[in-house]
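One structure is given here, and the rest of the page talks about it.
The values are calculated or read from the model by the stated rules, or taken from the named source; none is laboratory data. Here the structure is a predicted model, which means the values were calculated and not measured. So basically every Cβ, Gly included, is an ideal-geometry build from the backbone, and we count neighbours across all protein chains shown.
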Amino acid sequence: MSRETEEQFSDEIIEMKKEIMKCKKTKIALKKSEERFRTFAESATDGIVTTDDNGNILFFNKILKQIFGYSTDELSGKSLTMLMPAKFRKGYLNELENYKSSGKHRLLGKTVQTTGLRKDGKIFPFEMSLSAWKSNKTTYFSAIIRDITERKQAESEIKKSIVEKENLLREIHYRVKNNMHIISSLLNLQIQHVHEEESEKVLKDTQGRLDTMAMVHKNLYESSSFTKLNFKDYVEKLVFEILSSHRVNSGTIETELDIEDIEMNMETAIPCGLIINELVTNSVKHAFPELKGTIRIELKSFQDELELIVADNGIGLPKNIHLKITETIGLQLVYSLVNQLNGKLKLDMSNGTEFKITFNELEYERDFKSSSSYNGRMVTKNKY
Ligand SMILES: Nc1ncnc2c1ncn2[C@@H]1O[C@H](COP(=O)(O)OP(=O)(O)OP(=O)(O)O)[C@@H](O)[C@H]1O
Ligand SMILES: [Mg+2]
(Lines give C-alpha, C1' and ligand atoms only; values in the text may rest on other atoms or scores of the structure.)
(Ligands and ions follow the chains in the order given, each with its own letter.)
Protein backbone atom coordinates (compact mmCIF):
# COMPACT_ATOMS: atom_id res chain seq x y z
CA MET A 1 0.00 0.00 0.00
CA SER A 2 1.39 3.35 -0.97
CA ARG A 3 1.93 5.96 1.68
CA GLU A 4 -0.71 8.12 0.01
CA THR A 5 -3.36 5.34 0.05
CA GLU A 6 -2.46 4.57 3.68
CA GLU A 7 -3.09 8.17 4.70
CA GLN A 8 -6.40 8.29 2.84
CA PHE A 9 -7.49 5.04 4.49
CA SER A 10 -6.63 6.30 7.94
CA ASP A 11 -8.65 9.53 7.32
CA GLU A 12 -11.65 7.47 6.32
CA ILE A 13 -11.38 5.39 9.49
CA ILE A 14 -11.32 8.58 11.60
CA GLU A 15 -14.43 9.86 9.78
CA MET A 16 -16.19 6.53 10.30
CA LYS A 17 -15.32 6.55 14.01
CA LYS A 18 -16.77 10.06 14.25
CA GLU A 19 -19.97 8.88 12.54
CA ILE A 20 -20.23 5.88 14.90
CA MET A 21 -19.82 8.20 17.93
CA LYS A 22 -22.52 10.48 16.55
CA CYS A 23 -24.89 7.51 16.08
CA LYS A 24 -24.18 6.27 19.60
CA LYS A 25 -24.93 9.73 21.04
CA THR A 26 -28.16 9.98 19.05
CA LYS A 27 -29.17 6.50 20.22
CA ILE A 28 -28.49 7.43 23.87
CA ALA A 29 -30.45 10.70 23.45
CA LEU A 30 -33.32 8.80 21.83
CA LYS A 31 -33.33 6.23 24.61
CA LYS A 32 -33.35 8.97 27.24
CA SER A 33 -36.20 10.77 25.48
CA GLU A 34 -38.16 7.51 25.21
CA GLU A 35 -37.55 6.83 28.91
CA ARG A 36 -38.75 10.33 29.80
CA PHE A 37 -41.90 9.84 27.71
CA ARG A 38 -42.55 6.42 29.30
CA THR A 39 -42.09 7.80 32.83
CA PHE A 40 -44.50 10.62 31.98
CA ALA A 41 -47.04 8.21 30.43
CA GLU A 42 -46.79 5.69 33.25
CA SER A 43 -47.17 8.36 35.95
CA ALA A 44 -50.32 9.77 34.28
CA THR A 45 -53.58 9.16 36.13
CA ASP A 46 -55.47 8.77 32.83
CA GLY A 47 -55.18 5.97 30.31
CA ILE A 48 -53.08 6.78 27.22
CA VAL A 49 -53.14 4.81 23.97
CA THR A 50 -51.49 5.44 20.61
CA THR A 51 -52.50 3.73 17.37
CA ASP A 52 -51.35 3.85 13.77
CA ASP A 53 -53.67 5.26 11.12
CA ASN A 54 -55.39 1.85 10.76
CA GLY A 55 -56.29 1.80 14.45
CA ASN A 56 -53.72 -0.79 15.54
CA ILE A 57 -52.45 -0.33 19.08
CA LEU A 58 -48.78 0.70 19.24
CA PHE A 59 -48.37 2.12 22.70
CA PHE A 60 -50.39 2.24 25.93
CA ASN A 61 -49.73 2.93 29.59
CA LYS A 62 -50.39 0.95 32.79
CA ILE A 63 -53.62 2.83 33.58
CA LEU A 64 -55.08 1.95 30.19
CA LYS A 65 -54.48 -1.75 30.92
CA GLN A 66 -56.12 -1.34 34.33
CA ILE A 67 -59.14 0.49 32.91
CA PHE A 68 -59.85 -2.16 30.28
CA GLY A 69 -58.53 -5.18 32.23
CA TYR A 70 -56.08 -6.46 29.58
CA SER A 71 -52.40 -7.49 29.80
CA THR A 72 -49.64 -6.00 27.65
CA ASP A 73 -49.58 -9.01 25.32
CA GLU A 74 -53.33 -8.96 24.86
CA LEU A 75 -53.26 -5.33 23.67
CA SER A 76 -50.01 -4.95 21.71
CA GLY A 77 -50.59 -4.70 17.97
CA LYS A 78 -54.33 -5.42 18.22
CA SER A 79 -57.08 -3.27 16.78
CA LEU A 80 -58.39 -0.56 19.08
CA THR A 81 -61.90 -1.78 18.19
CA MET A 82 -61.49 -4.49 20.87
CA LEU A 83 -61.89 -1.73 23.48
CA MET A 84 -65.24 -0.49 22.15
CA PRO A 85 -68.77 -1.89 22.11
CA ALA A 86 -69.60 -3.53 18.77
CA LYS A 87 -71.95 -0.72 17.68
CA PHE A 88 -69.08 1.84 17.61
CA ARG A 89 -66.53 -0.22 15.69
CA LYS A 90 -67.66 0.46 12.12
CA GLY A 91 -68.01 4.19 12.75
CA TYR A 92 -64.52 4.31 14.29
CA LEU A 93 -62.89 2.60 11.28
CA ASN A 94 -64.87 4.82 8.87
CA GLU A 95 -63.55 7.92 10.65
CA LEU A 96 -59.95 6.67 10.18
CA GLU A 97 -60.58 6.17 6.43
CA ASN A 98 -62.20 9.57 6.26
CA TYR A 99 -59.13 11.13 7.89
CA LYS A 100 -56.84 9.49 5.32
CA SER A 101 -58.80 10.96 2.41
CA SER A 102 -59.93 14.33 3.80
CA GLY A 103 -57.71 15.05 6.82
CA LYS A 104 -60.90 15.46 8.86
CA HIS A 105 -61.95 13.50 11.95
CA ARG A 106 -65.13 14.16 13.93
CA LEU A 107 -63.50 13.72 17.35
CA LEU A 108 -60.14 15.39 16.86
CA GLY A 109 -59.33 18.16 19.33
CA LYS A 110 -62.48 17.50 21.36
CA THR A 111 -63.19 15.98 24.74
CA VAL A 112 -66.11 13.60 24.37
CA GLN A 113 -67.99 11.22 26.60
CA THR A 114 -68.46 7.74 25.22
CA THR A 115 -68.53 4.12 26.36
CA GLY A 116 -65.84 1.45 26.42
CA LEU A 117 -65.81 -2.35 26.61
CA ARG A 118 -63.80 -4.05 29.35
CA LYS A 119 -62.26 -7.52 28.96
CA ASP A 120 -64.98 -8.95 31.24
CA GLY A 121 -67.60 -7.69 28.75
CA LYS A 122 -68.80 -4.79 30.92
CA ILE A 123 -69.61 -1.52 29.19
CA PHE A 124 -68.57 1.60 31.10
CA PRO A 125 -68.56 5.38 30.50
CA PHE A 126 -65.34 7.26 29.81
CA GLU A 127 -64.18 10.68 28.75
CA MET A 128 -61.72 10.88 25.87
CA SER A 129 -59.64 13.50 24.10
CA LEU A 130 -58.14 12.52 20.78
CA SER A 131 -55.21 14.01 18.90
CA ALA A 132 -53.44 13.14 15.65
CA TRP A 133 -49.74 13.65 14.96
CA LYS A 134 -47.21 12.85 12.21
CA SER A 135 -43.74 11.36 12.34
CA ASN A 136 -41.78 10.36 9.22
CA LYS A 137 -44.89 10.94 7.10
CA THR A 138 -46.84 8.38 9.17
CA THR A 139 -49.96 9.49 11.05
CA TYR A 140 -50.54 8.39 14.63
CA PHE A 141 -53.56 8.88 16.88
CA SER A 142 -53.26 9.32 20.62
CA ALA A 143 -56.18 9.21 23.03
CA ILE A 144 -56.28 10.19 26.68
CA ILE A 145 -58.97 8.20 28.44
CA ARG A 146 -60.58 8.81 31.85
CA ASP A 147 -62.91 6.27 33.43
CA ILE A 148 -65.92 8.29 34.66
CA THR A 149 -67.99 5.41 36.10
CA GLU A 150 -67.87 6.86 39.63
CA ARG A 151 -68.61 10.40 38.48
CA LYS A 152 -71.63 9.18 36.50
CA GLN A 153 -72.88 7.20 39.50
CA ALA A 154 -72.50 10.26 41.74
CA GLU A 155 -74.35 12.38 39.15
CA SER A 156 -77.23 9.95 38.97
CA GLU A 157 -77.38 9.81 42.82
CA ILE A 158 -77.56 13.62 42.93
CA LYS A 159 -80.28 13.67 40.25
CA LYS A 160 -82.25 11.04 42.16
CA SER A 161 -81.92 12.98 45.38
CA ILE A 162 -83.04 16.24 43.66
CA VAL A 163 -86.13 14.49 42.29
CA GLU A 164 -86.91 13.10 45.77
CA LYS A 165 -86.50 16.56 47.35
CA GLU A 166 -88.71 18.13 44.66
CA ASN A 167 -91.40 15.54 45.28
CA LEU A 168 -91.17 16.25 48.98
CA LEU A 169 -91.46 20.00 48.42
CA ARG A 170 -94.43 19.52 46.11
CA GLU A 171 -96.07 17.28 48.72
CA ILE A 172 -95.49 19.85 51.48
CA HIS A 173 -97.08 22.67 49.46
CA TYR A 174 -99.95 20.36 48.58
CA ARG A 175 -100.57 19.49 52.22
CA VAL A 176 -100.24 23.09 53.43
CA LYS A 177 -102.79 24.13 50.79
CA ASN A 178 -105.12 21.30 51.82
CA ASN A 179 -104.85 22.22 55.49
CA MET A 180 -105.66 25.84 54.66
CA HIS A 181 -108.67 24.69 52.67
CA ILE A 182 -109.83 22.62 55.65
CA ILE A 183 -109.61 25.71 57.90
CA SER A 184 -111.40 27.74 55.23
CA SER A 185 -114.17 25.12 55.04
CA LEU A 186 -114.49 25.17 58.85
CA LEU A 187 -114.89 28.95 58.72
CA ASN A 188 -117.53 28.48 56.04
CA LEU A 189 -119.44 26.14 58.34
CA GLN A 190 -119.27 28.71 61.12
CA ILE A 191 -120.42 31.50 58.81
CA GLN A 192 -123.64 29.56 58.24
CA HIS A 193 -124.31 29.53 61.98
CA VAL A 194 -123.61 33.16 62.91
CA HIS A 195 -126.40 35.67 62.74
CA GLU A 196 -124.66 38.99 63.33
CA GLU A 197 -123.60 40.73 60.16
CA GLU A 198 -120.32 41.92 61.73
CA SER A 199 -119.24 38.40 62.80
CA GLU A 200 -120.12 37.03 59.37
CA LYS A 201 -117.99 39.75 57.75
CA VAL A 202 -114.99 39.02 59.99
CA LEU A 203 -115.18 35.29 59.23
CA LYS A 204 -115.58 35.90 55.48
CA ASP A 205 -112.59 38.29 55.43
CA THR A 206 -110.45 35.76 57.27
CA GLN A 207 -111.57 33.08 54.82
CA GLY A 208 -110.58 35.32 51.88
CA ARG A 209 -107.11 35.90 53.40
CA LEU A 210 -106.61 32.17 53.98
CA ASP A 211 -107.65 31.37 50.40
CA THR A 212 -105.16 33.97 49.13
CA MET A 213 -102.35 32.21 51.00
CA ALA A 214 -103.54 28.73 50.02
CA MET A 215 -103.43 29.81 46.38
CA VAL A 216 -99.69 30.60 46.73
CA HIS A 217 -99.05 27.02 47.85
CA LYS A 218 -101.26 25.69 45.04
CA ASN A 219 -99.28 27.68 42.45
CA LEU A 220 -96.03 26.50 44.04
CA TYR A 221 -96.79 22.81 43.79
CA GLU A 222 -97.93 23.34 40.22
CA SER A 223 -94.70 25.20 39.38
CA SER A 224 -91.61 23.48 38.00
CA SER A 225 -89.21 24.56 40.74
CA PHE A 226 -91.58 24.28 43.74
CA THR A 227 -89.80 27.26 45.29
CA LYS A 228 -90.81 30.03 42.89
CA LEU A 229 -94.20 30.72 41.42
CA ASN A 230 -95.22 32.59 38.31
CA PHE A 231 -96.56 35.79 39.83
CA LYS A 232 -98.56 36.78 36.74
CA ASP A 233 -100.52 33.50 36.83
CA TYR A 234 -101.06 33.85 40.53
CA VAL A 235 -102.39 37.43 40.37
CA GLU A 236 -104.70 36.59 37.46
CA LYS A 237 -106.26 33.72 39.43
CA LEU A 238 -106.39 35.75 42.65
CA VAL A 239 -108.18 38.70 41.04
CA PHE A 240 -110.61 36.36 39.31
CA GLU A 241 -111.40 34.70 42.69
CA ILE A 242 -111.90 38.05 44.46
CA LEU A 243 -114.28 39.32 41.76
CA SER A 244 -116.28 36.11 41.67
CA SER A 245 -116.53 35.88 45.47
CA HIS A 246 -117.98 39.42 45.44
CA ARG A 247 -120.26 38.46 42.55
CA VAL A 248 -118.95 41.18 40.26
CA ASN A 249 -120.74 40.77 36.95
CA SER A 250 -119.03 41.43 33.65
CA GLY A 251 -119.80 44.83 32.19
CA THR A 252 -119.70 46.46 35.65
CA ILE A 253 -116.24 46.70 37.24
CA GLU A 254 -113.42 46.11 34.75
CA THR A 255 -109.88 44.99 35.57
CA GLU A 256 -106.64 45.90 33.83
CA LEU A 257 -103.68 43.70 34.62
CA ASP A 258 -100.16 44.55 33.58
CA ILE A 259 -97.98 42.06 35.40
CA GLU A 260 -94.45 41.30 34.28
CA ASP A 261 -93.58 37.65 33.83
CA ILE A 262 -91.76 37.32 37.13
CA GLU A 263 -90.91 34.25 39.18
CA MET A 264 -91.33 35.03 42.86
CA ASN A 265 -90.56 33.06 46.00
CA MET A 266 -93.18 32.20 48.61
CA GLU A 267 -91.79 34.62 51.22
CA THR A 268 -92.51 37.57 48.90
CA ALA A 269 -95.57 36.21 47.09
CA ILE A 270 -97.61 35.72 50.29
CA PRO A 271 -97.41 39.33 51.58
CA CYS A 272 -97.83 40.62 48.00
CA GLY A 273 -100.86 38.41 47.46
CA LEU A 274 -102.40 39.54 50.76
CA ILE A 275 -101.85 43.21 49.85
CA ILE A 276 -103.51 42.71 46.46
CA ASN A 277 -106.37 40.83 48.16
CA GLU A 278 -107.02 43.70 50.60
CA LEU A 279 -106.70 46.49 48.05
CA VAL A 280 -108.72 44.86 45.26
CA THR A 281 -111.40 43.83 47.79
CA ASN A 282 -111.51 47.45 48.99
CA SER A 283 -111.89 48.75 45.43
CA VAL A 284 -114.73 46.29 44.79
CA LYS A 285 -116.44 47.10 48.09
CA HIS A 286 -115.91 50.84 48.45
CA ALA A 287 -114.72 52.57 45.28
CA PHE A 288 -117.70 52.23 42.98
CA PRO A 289 -121.10 53.05 44.49
CA GLU A 290 -122.44 53.03 40.93
CA LEU A 291 -120.80 49.64 40.28
CA LYS A 292 -118.92 51.09 37.31
CA GLY A 293 -115.18 51.64 37.03
CA THR A 294 -111.76 50.10 36.50
CA ILE A 295 -109.29 48.41 38.82
CA ARG A 296 -105.68 48.44 37.62
CA ILE A 297 -102.91 46.15 38.89
CA GLU A 298 -99.32 46.50 37.69
CA LEU A 299 -96.11 44.80 38.66
CA LYS A 300 -92.83 45.91 37.16
CA SER A 301 -89.25 44.99 37.91
CA PHE A 302 -86.53 47.61 37.86
CA GLN A 303 -82.83 47.03 38.26
CA ASP A 304 -82.89 46.64 42.01
CA GLU A 305 -86.53 46.69 43.04
CA LEU A 306 -90.08 45.67 42.26
CA GLU A 307 -93.00 48.08 41.93
CA LEU A 308 -96.56 46.99 42.60
CA ILE A 309 -99.47 49.30 41.79
CA VAL A 310 -103.06 48.63 42.79
CA ALA A 311 -105.37 51.44 41.70
CA ASP A 312 -108.98 52.26 40.93
CA ASN A 313 -110.70 55.26 39.35
CA GLY A 314 -113.44 55.33 41.98
CA ILE A 315 -114.53 57.82 44.61
CA GLY A 316 -111.21 57.86 46.51
CA LEU A 317 -110.39 57.23 50.17
CA PRO A 318 -112.06 59.33 52.86
CA LYS A 319 -109.96 62.52 53.32
CA ASN A 320 -109.09 62.02 56.98
CA ILE A 321 -107.93 58.42 56.80
CA HIS A 322 -104.63 57.34 58.40
CA LEU A 323 -103.44 53.98 57.14
CA LYS A 324 -101.62 53.09 60.36
CA ILE A 325 -104.52 53.80 62.69
CA THR A 326 -107.74 52.89 60.90
CA GLU A 327 -110.35 51.21 63.05
CA THR A 328 -110.73 48.60 60.36
CA ILE A 329 -108.14 45.87 59.76
CA GLY A 330 -107.79 46.01 55.93
CA LEU A 331 -105.58 49.07 55.42
CA GLN A 332 -103.71 48.41 58.69
CA LEU A 333 -102.87 44.97 57.35
CA VAL A 334 -101.65 46.53 54.07
CA TYR A 335 -99.46 48.92 56.07
CA SER A 336 -97.89 46.13 58.13
CA LEU A 337 -97.42 43.83 55.09
CA VAL A 338 -95.53 46.64 53.31
CA ASN A 339 -93.33 46.85 56.41
CA GLN A 340 -92.83 43.09 56.30
CA LEU A 341 -91.60 43.51 52.73
CA ASN A 342 -89.31 46.32 53.91
CA GLY A 343 -91.05 48.30 51.21
CA LYS A 344 -92.23 51.87 50.66
CA LEU A 345 -95.85 52.82 50.18
CA LYS A 346 -97.09 55.86 48.23
CA LEU A 347 -100.72 56.87 48.06
CA ASP A 348 -102.00 58.96 45.16
CA MET A 349 -105.58 60.18 45.26
CA SER A 350 -105.53 62.51 42.25
CA ASN A 351 -107.80 60.15 40.30
CA GLY A 352 -109.50 57.61 42.51
CA THR A 353 -107.08 55.66 44.70
CA GLU A 354 -103.60 54.48 43.73
CA PHE A 355 -101.32 52.51 46.03
CA LYS A 356 -97.73 52.23 44.79
CA ILE A 357 -95.49 49.84 46.70
CA THR A 358 -91.77 49.43 46.00
CA PHE A 359 -89.89 46.54 47.55
CA ASN A 360 -87.29 43.80 47.05
CA GLU A 361 -87.71 40.08 46.98
CA LEU A 362 -87.56 38.63 50.48
CA GLU A 363 -85.54 35.61 51.41
CA TYR A 364 -86.18 33.30 54.30
CA GLU A 365 -83.09 32.81 56.41
CA ARG A 366 -82.59 30.36 59.20
CA ASP A 367 -80.50 31.47 62.10
CA PHE A 368 -78.60 28.40 63.28
CA LYS A 369 -76.62 30.21 65.97
CA SER A 370 -78.17 28.07 68.67
CA SER A 371 -78.25 24.34 68.02
CA SER A 372 -81.29 23.67 70.21
CA SER A 373 -83.56 26.18 68.48
CA TYR A 374 -83.60 28.40 65.47
CA ASN A 375 -85.55 31.47 64.54
CA GLY A 376 -86.96 31.98 61.10
CA ARG A 377 -86.70 35.56 60.02
CA MET A 378 -87.26 37.60 56.89
CA VAL A 379 -84.47 39.47 55.19
CA THR A 380 -84.53 41.46 51.97
CA LYS A 381 -82.32 40.58 49.07
CA ASN A 382 -81.59 42.78 46.08
CA LYS A 383 -82.42 40.60 43.14
CA TYR A 384 -84.09 42.79 40.56
N1 LIG B 1 -110.44 51.89 47.09
C2 LIG B 1 -111.19 52.57 47.96
N3 LIG B 1 -112.03 53.53 47.52
C4 LIG B 1 -112.79 54.22 48.35
N5 LIG B 1 -112.78 54.05 49.70
C6 LIG B 1 -111.95 53.12 50.21
C7 LIG B 1 -111.13 52.34 49.37
N8 LIG B 1 -110.42 51.52 50.15
C9 LIG B 1 -110.78 51.76 51.41
N10 LIG B 1 -111.71 52.72 51.47
C11 LIG B 1 -112.27 53.27 52.68
O12 LIG B 1 -111.34 53.11 53.71
C13 LIG B 1 -111.89 52.37 54.77
C14 LIG B 1 -110.87 51.53 55.41
O15 LIG B 1 -110.56 50.44 54.60
P16 LIG B 1 -110.18 49.04 55.25
O17 LIG B 1 -109.81 48.12 54.20
O18 LIG B 1 -109.21 49.33 56.33
O19 LIG B 1 -111.52 48.62 55.96
P20 LIG B 1 -112.77 47.84 55.37
O21 LIG B 1 -112.56 47.46 53.97
O22 LIG B 1 -113.97 48.70 55.67
O23 LIG B 1 -112.85 46.57 56.28
P24 LIG B 1 -111.82 45.37 56.34
O25 LIG B 1 -111.16 45.49 57.64
O26 LIG B 1 -112.65 44.18 56.21
O27 LIG B 1 -110.92 45.56 55.22
C28 LIG B 1 -113.06 51.64 54.19
O29 LIG B 1 -114.07 51.41 55.15
C30 LIG B 1 -113.54 52.56 53.10
O31 LIG B 1 -114.39 53.55 53.62
MG1 LIG C 1 -110.84 46.42 53.39
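Of everything in segment 323-342 that's part of a loop (DSSP other than H, G, I, E, B) and more than 15 Å from ligand 2 (Cβ to nearest atom), which residue is surrounded by the fewest Cβ atoms within 10 Å (Cβ to Cβ)? Result: 342. Looking only at segment 192-246, residues that are small (Gly, Ala, Ser) and farther than 21 Å from residue 328 by Cβ come to 5 in all.
Of the residues screened, residue 241 is one that is away from ligand 1 (no atom under 16 Å from the Cβ), under 30 Å from residue 305 (Cβ atoms), in the same structural domain as residue 363 (by TED's automatic domain parsing) and more than 28 Å from the chain's Cα centre (by Cα). Every test in (1) in a strand (DSSP E or B); (2) surrounded by fewer than 15 Cβ atoms within 10 Å (Cβ to Cβ) is passed by residue 182 save one, and that test is (1).
Give the residues of segment 255-270 that are loosely packed, with under 13 Cβ neighbours inside 10 Å and either more than 25 Å from the chain's Cα centre (by Cα) or closer than 18 Å to residue 363 by Cβ (or both), sorted by residue number. Selection gives 256, 258.
Among the residues of segment 192-201, those that are part of a helix (DSSP H, G or I) and more than 12 Å from ligand 2 (Cβ to nearest atom) comprise 192, 193, 197, 198, 199, 200.
Just so you know, in segment 303-316 the residues that are closer than 20 Å to residue 262 by Cβ and out of contact with any Gly (no Cβ under 7 Å at 6 or more places or on another chain) include one that is farthest from ligand 2 (Cβ to nearest atom), and it is 303. So, residue 214, is that one in a helix (DSSP H, G or I) and loosely packed, with under 12 Cβ neighbours inside 10 Å or not? Considered against the rule, which asks whether it is in a helix (DSSP H, G or I) and loosely packed, with under 12 Cβ neighbours inside 10 Å, residue 214 comes out as no. Taken over segment 343-362, the criterion of being hydrophobic (A, V, I, L, M, F, W, C), more than 16 Å from ligand 2 (Cβ to nearest atom) and surrounded by fewer than 19 Cβ atoms within 10 Å (Cβ to Cβ) is satisfied by 349 alone. Residue 245 meets each of the listed conditions (1) at pLDDT 90 or above; (2) within 16 Å of ligand 2 (Cβ to nearest atom) apart from (1). Screening segment 34-118 for helices (runs of 4 or more DSSP H) wholly inside it with 3 or more residues that are in contact with a strand residue (DSSP E or B) (Cβ under 9 Å, 6 or more places away or on another chain) and hydrophobic (A, V, I, L, M, F, W, C) returns the ranges 62-68, 86-102.
No other residue among 323, 308, 274 is farther than 27 Å from residue 198 by Cα and of a type in the set (A, V, I, L, M, F, W, C) apart from 308.
Restricted to segment 232-247, and to residues that are in a helix (DSSP H, G or I) and among the basic types (Lys, Arg), which residue is surrounded by the fewest Cβ atoms within 10 Å (Cβ to Cβ)? Of everything passing the filter in segment 232-247, 237 is surrounded by the fewest Cβ atoms within 10 Å (Cβ to Cβ).
Considering 314, 273, which residue is crowded, with 18+ Cβ neighbours inside 10 Å, away from ligand 1 (no atom under 13 Å from the Cβ) and touching a residue at least 24 places away in the same chain (Cβ under 8 Å)?
273
Condition first: modelled with pLDDT of 95 or more and in a loop (DSSP other than H, G, I, E, B). Can you find one or more residues in segment 1-14 that meet it? Within segment 1-14, not a single residue is modelled with pLDDT of 95 or more and in a loop (DSSP other than H, G, I, E, B). Looking across segment 39-70, just one residue is without any contact (Cβ under 8 Å) to a residue 12 or more places away in the chain and within 15 Å of residue 142 (Cβ to Cβ), and that is 40.
Exactly one residue out of 285, 300, 319 is within 15 Å of ligand 2 (Cβ to nearest atom) and either surrounded by fewer than 22 Cβ atoms within 10 Å (Cβ to Cβ) or part of a loop (DSSP other than H, G, I, E, B) (or both), and it is 285. Restricting attention to segment 256-266, does a residue exist that is acidic (Asp, Glu), within 16 Å of ligand 1 (Cβ to nearest atom) and in contact (Cβ under 8 Å) with a residue 12 or more places away in the chain? Yes, segment 256-266 contains a residue that is acidic (Asp, Glu), within 16 Å of ligand 1 (Cβ to nearest atom) and in contact (Cβ under 8 Å) with a residue 12 or more places away in the chain. Within segment 288-297, the set of residues being surrounded by fewer than 19 Cβ atoms within 10 Å (Cβ to Cβ) and within 10 Å of ligand 1 (Cβ to nearest atom) comprises 289, 293.
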